[in-house]
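Asks: Just passing along the structure, written as structure tokens.
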Amino acid sequence: MSEFDIELLSVSKSFAGLSVVRDINLQVPAGEFVSILGPSGCGKTTTLNMIAGFSAPSQGDIRISGHSQVKVPPERRNLGLVFQNYALFPHMTVAENVGFGLRMRGAPRIEICAAVKSALRSVHLDGFDARYPAELSGGQQQRVALARAIAPKPSVLLLDEPLSNLDLKLREAMRVELKEIHKTLGMTFIHVTHDQEEAMAMSDRIIVMDAGAIAQQGTPGDIYRNPASRFVADFIGRSNILPVSAYSSSAAGVKLSIEGSPIVLRAPSGAADGGVISFCSIRPQSLTLVAPAALTDGTNWLEATIHRVIDLGDHAELEVVVEGGHRLVLHHPGSAMGARSYQPGQAVTMSVDPADVRPLSR
Ligand SMILES: Nc1ncnc2c1ncn2[C@@H]1O[C@H](COP(=O)(O)OP(=O)(O)OP(=O)(O)O)[C@@H](O)[C@H]1O
Ligand SMILES: [Mg+2]
């Protein structure tokens, strides 16, 4: 037995010579909730399909509890599957849908009944047994699909964009529910999404994919605070990315000269990967509008002109232009009334704590 429930070892996949998944190394310990997150077409579903056994890796190995799965057919991998289009059987009741997998395995009737009941309780659909899919809302149908996947008690649940067909409110409610179900059942969840908020809200760990390869993996907080690349900084949350033309390091940190601009920004240290600094990233909420009199030596301050103000109710989004023409987005918290006093064309001063400037090499 391996301590890891699922391992991907240098897994690659090509279709007709075109490389789609490249050298993925991944270890998912039993009981973890992992999200594979990345833009459309980056290879998430392809990776999940290889774990499920629907397609074989072109290279590399996939192990479950230490055993290579390459020759194991999907139905013998003890995995539960939930997809974007819940694909319930319309002519079967909820109970028949949920019991389908166990029936196919020839489980005794009494066992199926108990498993269906327990699965429906897990997804808060007790008493819905006799309904047909057409008599359920989208969120309820998705919960039936979830119950169907967990009823045979798989050790791992694979979820491919399970919430993307639901409206925003329902999606947010289901995030919480999925997380609860994960906690209650103690199964390993491997969840695929292109929605960073969803991944942040639910996962113990996020695997960020870019163009078939893993760009970064870590806890949601770690990835958000310490993005390893420009791609990750921009994909997880929002970031202002500024090009760096030159820099100098000292014990106090690093000073970054912004390309095409007299701006010099202090940051606490060099790029995390030790590479040549080419960019820096600043979160919109790390930029603060300040009165010039409030400036102190230790911080970064920038002169800017407001280009656009978008009132978003709980905060305002200001697009500003700094010296050299770079555009930055700033989130101004608090009442939108306060933000209304800012007008396009107005000159402002912004500060950003050096700790919030992140040097990046790529
Ligand atoms: N059977 C196939 N034959 C050829 N190309 C394929 C096949 N399946 C996927 N691809 C290609 O592989 C790439 C990755 O596809 P994949 O479905 O894994 O992306 P994804 O990350 O799941 O995207 P999305 O978020 O849109 O679902 C795409 O460019 C896709 O066109
Ligand atoms: Mg997909």
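Asks: Can you work out which of the residues in region 104-123 that are in a helix (DSSP H, G or I) and of a type in the set (Val, Ile, Thr) is nearest to LEU157 (Cα to Cα)?
Replies: VAL116
Asks: Tell me whether region 165-175 contains one or more residues that are in contact (Cβ under 8 Å) with a residue 12 or more places away in the chain, of a type in the set (D, E, K, R), away from ligand 1 (no atom under 16 Å from the Cβ) and buried (at least 23 other Cβ atoms within 10 Å of the Cβ).
Replies: No, there is no match, as no residue in region 165-175 is in contact (Cβ under 8 Å) with a residue 12 or more places away in the chain, of a type in the set (D, E, K, R), away from ligand 1 (no atom under 16 Å from the Cβ) and buried (at least 23 other Cβ atoms within 10 Å of the Cβ).
Asks: Taking strands (runs of 3 or more DSSP E) that fall entirely within region 207-297, which contain at least 2 residues that are modelled with pLDDT of 90 or more, in contact with a strand residue (DSSP E or B) (Cβ under 8 Å, 6 or more places away or on another chain) and surrounded by 19 or more Cβ atoms within 10 Å (Cβ to Cβ)?
Replies: Where strands (runs of 3 or more DSSP E) fall fully within region 207-297 and carry at least 2 residues being modelled with pLDDT of 90 or more, in contact with a strand residue (DSSP E or B) (Cβ under 8 Å, 6 or more places away or on another chain) and surrounded by 19 or more Cβ atoms within 10 Å (Cβ to Cβ), they are 213-218, 240-250, 253-258, 264-267, 279-282.
Asks: So which of ILE51, ILE6, ILE36, ILE24 ends up being of a type in the set (Val, Ile, Thr) and either surrounded by fewer than 22 Cβ atoms within 10 Å (Cβ to Cβ) or away from ligand 1 (no atom under 15 Å from the Cβ) (or both)?
Replies: The match here is ILE6.
Asks: If you go through region 35-62, how many residues are within 16 Å of ligand 2 (Cβ to nearest atom), assigned to a loop (DSSP other than H, G, I, E, B) and without any contact (Cβ under 8 Å) to a residue 40 or more places away in the chain?
Replies: Total satisfying the criteria: 2.
Asks: Let me ask something else about it. Within region 39-48, how many residues turn out to be surrounded by fewer than 16 Cβ atoms within 10 Å (Cβ to Cβ) and out of contact with any His (no Cβ under 8 Å at 6 or more places or on another chain)?
Replies: Total satisfying the criteria: 1.
Asks: Which of (1) modelled with pLDDT of 90 or more; (2) out of contact with any helix residue (DSSP H, G or I) (no Cβ under 6 Å at 6 or more places or on another chain); (3) closer than 15 Å to ASP356 by Cα; (4) of a type in the set (Val, Ile, Thr) does ILE306 not meet, given it meets every other one?
Replies: Answer for ILE306: the failing condition is (3).
Asks: Further question on the same structure: Conditions first: (1) at pLDDT 90 or above; (2) within 16 Å of ligand 1 (Cβ to nearest atom); (3) farther than 30 Å from ILE112 by Cβ. VAL192 passes all but one, so which condition is the exception?
Replies: Result: VAL192 passes all but (3).
The values are calculated or read from the model by the stated rules, or taken from the named source; none is laboratory data. If you're wondering where the values come from, they're calculated on a predicted model, not measured in any experiment. No Cβ is skipped: glycine too gets one built from the backbone with ideal geometry, and neighbour counts run over all protein chains shown.
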